[in-house]
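What follows is a single structure, written as structure tokens, with notes after it.
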Amino acid sequence: MTQLALVIDLNVCVGCHACVTSCKQWNTSGWAGPLVDENPYDAHPTGTFFNRVQMFEVGTFPNTELVHFPKSCLHCEEPPCVPVCPTGASYKREDNGVVLVDYDKCIGCKYCSWACPYGMRELDMQQQVMKKCTLCIDRITDPSLPEDRRKPACVLACPTSARLFGDVHDPDSEVSIAIRERGGYPLMPEWATKPSNHYLPRRKTRMHITEDDLRRADNPLRHEDITVYTGEETLDDVTW
Amino acid sequence: MHPAFSVILLTTLLGAGQGVFLALVTGQVYASIKLIEAQDASFYVGGSVITIILLISGLIASFFHLGRPERAWRAAAKWRTSWLSREVIILPALMILVAFYGLVHWLGWTNPLFIAGADALPIDASLVLGVIGAVLAFALFVSTAMIYANVEFIAEWHSPLTVANFTFLGLGSGFMLAAAYSAALGNHLVTFYGTWAVIFTVIGLVSRGASLLRNRHIKPKSNLQSAIGVRHRLITQRAQGFTGGSFNTREFFHHAPPAVLQRMRTSFLILVFPVPILLIAIAYVSQSATLPIIAFLLQYTGLIAERWLFFADAQHPQNLYYQSVA
């Protein structure tokens with residue numbers, strides 16, 4: 001079975017919000033109707049988004065780092081939001097595991113949003129139906145697009161390639177390899193939701209400098225300096 | 001969680017409605033085995049009308065909770081998995097049964113169909129409808145409460161105590177209403193219903209008190225570390241991704257200062273439990289016809305505060321992601 005998902009690399013995310021705006025642009029322009037905003041240019045702007053980027057400061061100054069945290073539906077393998085839906089509007093696609101809402105069936109009771117521990121679902125203020133990330137289902141299943149463009153808008157927009165997209169059930173896919181080899185982890189593993197989306201942790205890039213590196217043991221020029229100094233004044237002591 | 005007034009009214013009105021119907025059926029069973037004085041048909045017809053009015057008011061209130069009320073009929077689809085769907089099916093079924101129950105009494109179709117036991121319990125059509133309705137009323141208590149108790153992420157709700165609270169507080173207010181109804185009619189059932197109302201209210205106090213105590217010591221299963229997957233004791237949110245509000249900041253936060261919560265807690269603990277019990281006790285001594293009515297009205301007001309706090313007390317783990325605006 002296929003389970004499409006995102007793998008988000010927190011190590012390279014710079015928090016630029018390109019995924020947020022491209023997601024909004026793509027998904028507000030599609031056949032499913034707009035992602036409504038209210039007061040967008042006024043006081044108290046609010047609106048529906050599938051994707052948000054949050055920022056968390058870890059540690060105390062000066063030992064702090066800022067974690068940029070993109071947050072969208074995790075397309076859980078055991079989505080708790082689906083069985084609670086009274087109408088069947090909320091469902092998980094059999095063929096690719098994407099969790100979707102049928103906007104024509106949703107009655108806007110908000111029960112699914114209560115049943116999502118991650119707060120990934122948002123009720124559209126004007127359409128009054130529940131909305132959530134579709135993994136750009138209209139892009140990724142569109143055979144008229146070239147194959148390398150059949151990806152969610154956020155993945156295509158990310159300037160640092162922090163977002164990977166693929167089938168997490170295929171052990172040889174880019175996402176599975178990334179999860180396996182780079183410590184990919186799910187959010188809130190304490191619940192039995194089994195999120196499909198994974199996050200790759202921050203990694204420290206460290207230089208390892210040995211004594212030999214300092215002495216430049218492998219520098220060939222080092223051996224060419226054959227002058228033997230025995231305490232006399234050299235050019236280095238001259239003030240120019 | 002944000003206490004939505006529609007849901008507060010829905011759950012309290014339905015609870016009182018189911019309770020008053022159960023009171024009618026209880027009274028009828030007691031009367032048919034001659035433990036209490038039998039009432040004429042108009043008592044049950046009037047009681048059924050009160051029940052239906054409460055159930056319909058609850059249903060109307062529920063529509064205000066829906067974004068798309070015109071599609072509400074769809075909610076019956078997923079009864080295999082969703083308690084909300086089960087509630088949506090049981091509620092109209094109960095309404096129809098109560099309507100038939102009242103109709104049977106009104107038309108006087110109360111000749112015993114057969115007599116159970118050795119001349120002990122005459123069973124007529126209204127009793128059969130009443131008992132089926134009673135089963136439905138209990139099923140409705142369970143499904144309404146399970147909508148909340150089944151949400152494992154909200155620890156304050158995820159407990160059998162939620163079902164007990166909904167059931168006993170509903171029964172308490174329903175029997176209190178039956179006592180008020182009897183007092184208004186001036187019949188002798190005030191004591192009978194009043195006693196049961198006090199019993200259910202006291203059990204409700206025990207279970208609601210237990211849930212209040214339980215909620216004080218809840219250790220959240222999720223924390224910011226597991227929410228973003230960074231292992232550090234000190235994580236502070238600096239930005240939640242937007243400056244204005246969103247659905248997440250409106251639906252899952254009550255935005256009320258702690259003093260309001262404390263006030264709500266105190267007022268419901270006074271209005272739901274000691275005051276109605278005291279008023280019923282005084283009414284028992286003074287034979288007053290108005291005190292039971294006041295007792296019900298005060299208890300119902302208190303139940304609105306109780307339900308408000310039920311929502312406001314609930315901490316959703318998604319709130320971990322929405323702790324700071326800037």
Subject >> Alpha carbon centroid spacing (whole Å) that separates segment A:65-121 from segment A:141-214 >> reply: 21
Original post:
Mind listing P(r) for segment A:1-118? All alpha-carbon pairs, 5 Å bins, whole percents.
Top reply: 2, 9, 14, 18, 20, 17, 11, 6, 3, 1, 0
Subject >> log₁₀ of I(q)/I(0) at q = 0.14, 0.17 Å⁻¹ - chain A, Debye sum with one point per alpha carbon >> reply: -0.96, -1.35
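Mind checking the dipole of the protein assembly as shown: about its Cα centre, +1 per Lys or Arg Cβ, -1 per Asp or Glu Cβ, Debye to the nearest 20?
Dipole magnitude for the protein assembly as shown comes out near 1520 debye.
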**OP:** Quick one: work out the % antiparallel among DSSP beta bridges in segment A:4-200, nearest 5.
**Re:** 90
**OP:** Taking the Cα centre of chain A as origin, work out the dipole magnitude from +1 charges on Lys and Arg Cβ and -1 charges on Asp and Glu Cβ, in debye rounded to 20.
**Re:** 1300
Subject >> Most mobile listed residue (B:Leu161, B:Leu177, B:Leu261) in chain B, GNM with C-alpha springs under 10 Å >> reply: B:Leu261
Subject >> Spacing of the two label points (7 Å from each Cα toward its C-beta) at B:His255 and B:Ala289, in nm >> reply: 4.7
Original post:
Taking Cα pairs under 8 Å and at least six residues apart, what relative contact order does segment A:4-200 come out at, in percent?
Top reply: 29
**OP:** Take every Cα pair under 8 Å in chain B that's 6+ residues apart, average their separations, divide by the length, and report that relative contact order as a whole percent.
**Re:** 24
Original post:
Mind checking which aspartates and glutamates have their C-alpha under 14 Å from B:Lys219, skipping anything on the same chain fewer than 8 residues away?
Top reply: A:Glu190, B:Glu152, B:Glu156, B:Asp313
Subject >> Dipole magnitude of segment B:5-321, debye to nearest 20 (Cβ charges: Lys/Arg +1, Asp/Glu -1, about Cα centre) >> reply: 1520
**OP:** Positive end of the charge dipole of segment B:110-249 (Lys, Arg +1 and Asp, Glu -1 on Cβ, about the Cα centre): tell me which of B:Ile154, B:Val198, B:Met176 has its Cα farthest that way.
**Re:** B:Ile154
Original post:
Once Rh is set to the Kirkwood radius over Cα pairs, what Stokes-Einstein translational diffusion coefficient, in µm²/s, holds for segment B:177-237 at a temperature of 10 °C and a viscosity of 1.306 mPa s?
Top reply: 101
**OP:** Just tell me which lysines come within less than 24 Å, Cα to Cα, of B:Lys78; anything on the same chain fewer than 8 places away is out.
**Re:** A:Lys92, A:Lys105, A:Lys110, A:Lys131, A:Lys132, A:Lys194
Original post:
Per Stokes-Einstein, at 10 °C and 1.306 mPa s, what whole-number D in µm² s⁻¹ belongs to the protein assembly as shown, with the Kirkwood radius over Cα pairs as the hydrodynamic radius?
Top reply: 58
Original post:
Against the longest alpha carbon principal axis of chain A, how many degrees, from 0 to 90 and to the nearest 10, is the axis of helix A:18-28 turned?
Top reply: 20
Original post:
Could you give the angle, 0 to 90 degrees to the nearest 10, between helix B:291-312's Cα long axis and the longest principal axis of the Cα atoms of chain B?
Top reply: 30
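A short reminder: the numbers here are calculations on the coordinates, not readings from a lab. If you're wondering where the values come from, they're calculated on a predicted model, not measured in any experiment. Glycine also receives a Cβ, built like all others from the backbone with ideal geometry; neighbour counts cover every protein chain displayed.
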